[in-house]
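Working notes, beginning with the structure itself.
The values are calculated or read from the model by the stated rules, or taken from the named source; none is laboratory data. All values reported here derive from a predicted model rather than from experimental measurement. Neighbour counts are summed over all protein chains in view; Cβ atoms, including those assigned to glycine, are modelled from backbone coordinates with ideal geometry.
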Amino acid sequence: MRTRIRRLCAISALATMLALSVAGSAVAHTVQLVGPYSVTIGWLHEPTYVGELNAVQFLVHDAAGPVDDLSTDTLSLVVSTGSSTSDPLDFAPTFDEDTGLGLPGEYLAPIIPTAPGAYTFHLTGTIGVTPIDLTVTSNDSTFDSVIAPTGIQFPVALPAMGDVTTRLDRVDSRIETAQTAATDAAAKVDDARSAASRSTLIGLGAGGMGILVGIVALVVAMRKRPPAAG
């Protein structure tokens with residue numbers, strides 16, 4: 001009897017943990033009605049950190065419960081922040097009916113946010129035959145904005161991705177400058193070689209002309225020389 005009670009308590013505790021886990025995954029999300037469907041959208045992991053793999057989580061329910069047979073080909077998600085806009089992202093279901101793994105009615109679009117700030121999700125397409133055009137921006141009442149991970153980095157905080165990009169740009173600029181200088185120096189060496197070659201040819205030509213003039217003068221002098229007496 002005690003063993004049975006312990007098992008029931010363990011099962012109850014596990015069910016409570018699972019329920020809290022599922023509920024917690026959609027706390028900072030936006031819930032809206034789209035026709036006969038209740039849709040929930042937000043980040044899969046919150047807080048949402050720069051440079052960490054995350055995903056846009058999309059949950060769909062109707063009056064009967066989670067919608068697991070949604071065709072994701074009919075949905076398109078575009079993520080934007082500041083002046084940057086992503087290419088359309090694709091959703092994929094997480095629930096596997098054969099194994100029972102995953103969360104029923106959950107669809108994920110993986111993404112790695114690379115800049116801090118507010119993000120906007122623009123979801124378009126159809127759920128079944130119901131059109132959807134939903135735009136949601138992160139704020140205190142929807143879902144988290146993206147933040148730098150310095151607060152959880154230990155023991156040494158890594159440089160921000162923007163700083164790394166700036167440093168790489170500076171290195172690239174220096175490399176480009178060095179390559180340009182090397183190209184200019186090589187061009188000057190080539191010009192000097194060409195000038196030296198031209199000078200050598202001119203010198204050889206002048207020397208050849210001098211020899212030729214000397215030979216002609218010698219021939220002329222020999223012709224002008226009076227014949228020897230017999």
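Values for this structure:
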| item | result |
| --- | --- |
| Check on Val189, modelled with pLDDT under 70 and either exposed (fewer than 10 other Cβ atoms within 10 Å of the Cβ) or out of contact with any helix residue (DSSP H, G or I) (no Cβ under 9 Å at 6 or more places or on another chain) (or both) | no |
| Residues (on the phi > 0 side of the Ramachandran plot and in contact with a Leu (Cβ under 9 Å, 6 or more places away or on another chain)) located in the range 81-136 | Gly105, Gly125, Gly128 |
| Tally of residues being assigned to a loop (DSSP other than H, G, I, E, B) and under 16 Å from Val136 (Cα atoms) across the range 50-82 | 1 |
| Selection from the range 131-159 of residues that are at pLDDT below 95 and of a type in the set (Ser, Thr, Tyr) | Ser141, Thr142, Thr150 |
| Filter pass, Ala109 being closer than 26 Å to Asp87 by Cα, within 18 Å of the chain's Cα centre (by Cα), at pLDDT below 95 and assigned by TED's automatic domain parsing to the domain that holds Asp69 | no |
